[in-house]
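Down below is the structure, laid out as structure tokens.
The values are calculated or read from the model by the stated rules, or taken from the named source; none is laboratory data. Keep in mind it's a predicted model, so treat the numbers as computed, not measured. Note that each Cβ is placed from the backbone with ideal geometry, even for glycine, and that neighbours are counted across all protein chains shown. SASA here: full protein model, heavy atoms, side chains in, ligands and nucleic acids out. Shrake-Rupley method; radii C 1.70, N 1.55, O 1.52, S 1.80 Å.
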Amino acid sequence: MGKSAKKSNTRELVHSPFLTYASMLSLLSLCPPFVILLWYTMTSAHGSILQTFHYLYNNGLHGFINIWPKPTPTAFKLIASFAAFEASLQLLLPASTVYGPISPNGNIPVYKANGVFAYFVTLLTYLSLWWFGIFNPSIVYDHLGEIFSALIFGSLVFCVFLYIKGHVAPSSSDSGSSGNFIIDFYWGMELYPRIGKHFDIKVFTNCRFGMMAWAVLTVTYCIKQYEANGKVSDSMLVNTILTLVYVTKFFWWEAGYWNTMDIAHDRAGFYICWGCLVWVPSVYTSPGMYLVNHPVHLGTQLALSILVAGILCIYINYDCDRQRQEFRRTNGKCTVWGKAPSKIDASYTTTTGETKRSLLLTSGWWGLARHFHYVPEILAAFFWTVPALFNNFFPYFYVIFLTILLFDRAKRDDDRCRSKYGKYWKLYCDKVPYRVIPGIY
Ligand code: NDP
């Protein structure tokens, strides 16, 4: 896969201090039932966590087993068709060649960039199947619980496959064991696992399955509401448009995503792969899932205000990522907010002992706070949830989860960069003292 592959088995495992061994085990065991409870609360308990709690309190474990849908053959067929379709698009659609960032072991991953093409082909195919009466997306909503149940178990099996592959047939030297089964399973063994030379597993799980499912399910919820009520509420429209703008932005920038922590630092294990295969399709789509049966009439003025605010946040988030990548791509020879960028010329040592150079941008969005890009990301999620108004708390679960995830991620990334860049990172922190929110944190 890489241009150069040096033999080494060193691990670069960076994770949050509070994600200890015990909390890894808790997450492994709590995430699957949580997905089912979330689906149940959104679709059958009016988004009320209290109603779900009362149900569980009165019916106990038996009641919980009763609401856990069986992973039916229909659910497996739907998932398998979607996965096979996306894998074929990933492999077969025309693509340009893109290189990822140099890995800790000196490999440079090579990718086939055809995400935007795959995204539009997917949505067009899905809408055409519905329009021409070949497949009704409402079926997906009607089997949603079974689909999540099948995804939970299927993805666990897939993570076992990743663990075994990491041990017996790693795709590159960016792989290795910590010597602990739980850590290897949870955090993963391989940084860039592939099937054959061209099928990149993390591109499939994170982008072509997880992010694509987010868009497909968003459209599904909208169609389901239309089929049930004969119209789509303005709240559902705002949620759908903002989510689709966000996912379109993601695929537009997909090659940039291959430079981020998810791909360049997090190994393929339960944390990232199960998360993208199950958590993204279920938790990330939950505000829309709730709106299907709880349409809210916002009125044109409020709907448009939320829409504009949401699009602005998505744009700022995109511009933060673009600014950093443009700055790195041009080796600092670009303009940032109309001026020459201010920067730190940093050096670091790779795990193989080589000294490399890297630039840190200290102006523009990256001069406001070291992870300012998380602010518009969280606000955008708030704006596609707020059409649900404030009748129940649970539709806001994703926003709260994302806030915790990104504040933890900012800390993880700071720790990683501090150990990578040493005194240069300290210089950056002196110049840009706030981690996420300028003037506050
Ligand atoms: P990035 O990987 O894009 O940015 C952090 C990395 O950039 C650092 O590890 C460092 O890498 C480099 N870097 C840090 N500071 C600077 C600087 N001043 N100048 C140049 N390079 C710098 O972050 P994320 O992966 O967290 O985010 C990417 C996007 O994904 C964002 O839009 C984010 O909001 C989104 N996101 C969404 C999530 C969701 O669940 N919805 C979850 C996580 C992210 P290096 O080693 O190369 O120096």
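Of 305, 29, 276, which is farthest along the charge dipole of the chain in the positive direction, counting Lys and Arg as +1 and Asp and Glu as -1 at C-beta? Value computed over the given set: 276.
Helix content alone sets the calculated 222 nm mean residue ellipticity of the chain: runs of n ≥ 4 DSSP H residues at -39500 (n - 2.57) each, divided across all residues, give -18500 deg cm²/dmol. For the stretch 298-441, the dipole from Cβ point charges (+1 on Lys and Arg, -1 on Asp and Glu) about the Cα centre works out to 660 debye, to the nearest 20.
To the nearest 10 degrees, how steeply does helix 115-131 sit against the main Cα axis of the chain, on a 0 to 90 scale? Approximately 10 degrees, to the nearest 10.
Shape class for the stretch 1-296, computed from the alpha carbon gyration tensor (a ≥ b ≥ c): oblate, with a/c not under 1.5 and a/b at or below b/c.
Placing dummy labels 7 Å off each Cα toward the beta-carbon, the span from residue 400 to residue 116 is 3.8 nm. When 279, 274 are compared by accessible area at a 1.4 angstrom probe, the order from most to least is 279, 274. Considering only Cα atoms, the convex hull volume of the stretch 33-109 works out to 199 Å³ per residue.
Excluding same-chain neighbours fewer than eight residues apart, the lysines reachable from residue 426 by a Cα-Cα span under 22 Å are 343, 356, 411.
Mind putting a number on the dipole of the stretch 1-296 about its Cα centre? Charges go on the C-beta only, +1 for Lys and Arg and -1 for Asp and Glu, and I need it in Debye to the nearest 20.
Result for the stretch 1-296 is approximately 540 debye, rounded to the nearest 20.
For the stretch 102-142, applying the loop criterion from DSSP together with a ceiling of 10 other beta carbons within 10 Å to the chymotrypsin sites (Phe, Trp or Tyr not before Pro) yields 132. Would the stretch 253-381 count as rounded, prolate or oblate if I go by the C-alpha gyration tensor, calling it rounded below 1.5 in a/c and otherwise prolate when a/b exceeds b/c, oblate otherwise? Oblate, because a/c is 1.5 or more while a/b does not exceed b/c. Separation of the alpha carbons by more than 23 angstrom is noted, of 77/249; 112/333; 197/333; 165/249; 112/249; 70/202, for 77/249; 112/333; 197/333; 165/249; 70/202.
Residue separation of residue 357 and residue 66 scaled by 0.36 nm, minus their Cα-Cα distance, works out to 99.0 nm of gained length.
With respect to the chain, whose longest principal axis is taken over its alpha-carbon atoms, helix 374-385 is tilted by about 10°. Ranking of 267, 322 by solvent-accessible surface, largest first: 322, 267 (1.4 Å probe, protein heavy atoms only, all chains present).
Would you work out if the stretch 252-315 is rounded, prolate or oblate? Take a ≥ b ≥ c from the square roots of the eigenvalues of the alpha-carbon gyration tensor; rounded if a/c is under 1.5, else prolate when a/b is larger than b/c, oblate otherwise. Verdict is oblate for the stretch 252-315. Annotation: amide H-H contacts under 5 Å for residue 178 (H modelled 1.01 Å from N, sequence separation of 5 or more, or interchain): 184.
Taking Cα atoms, how many degrees apart are the long axis of helix 49-67 and the longest axis of the chain, rounded to 10 and kept between 0 and 90? The two axes meet at around 90 degrees. A cut-off of 5 Å between modelled amide H atoms, ignoring neighbours fewer than 5 places along the same chain, links residue 342 with 362, 363. Couplings for the stretch 308-323, taken from phi via the Karplus curve 6.51 cos²θ - 1.76 cosθ + 1.60 with θ = phi - 60°, read 5, 4, x, 5, 4, 5, 5, 5, 5, 4, 4, 5, 4, 4, 4, 4 Hz in order; Gly and Pro are left as x.
The length gained by stretching the chain between residue 345 and residue 76 to full extension, at 0.36 nm per residue less their Cα-Cα distance, is 91.7 nm. Rolling a 1.4 Å probe over the protein chains gives residue 49 an accessible area of about 80 Å². Annotation: residue 44 carries an accessible surface of approximately 60 Å², with a 1.4 Å probe and no ligand, DNA or RNA atoms counted.
Given a 1.4 angstrom probe, I'd like the percentage of the accessible area of the stretch 298-441 that is carbon and sulfur, rounded to a whole number.
62
Sorting 110, 386 by accessible area (1.4 Å probe), largest first, what list results?
These residues rank, largest area first, as 110, 386.
Connecting C-alpha atoms closer than 10 Å in a GNM of the chain, tell me which of 412, 208, 370 has the biggest fluctuation. Per the Cα network of the chain with a 10 Å cutoff, 412 tops the list.
Accessible area of residue 403 (1.4 Å probe, protein heavy atoms only, ligands and nucleic acids ignored): about 50 Å².
For residue 194, the amide hydrogen comes within under 5 Å of the amide hydrogens of 171, 201, counting only partners 5 or more places away or on other chains and with H modelled in the peptide plane. Ranked by the mean number of other Cβ atoms within 10 Å per residue, highest first, peptides 55-61, 161-167 order as 161-167, 55-61.
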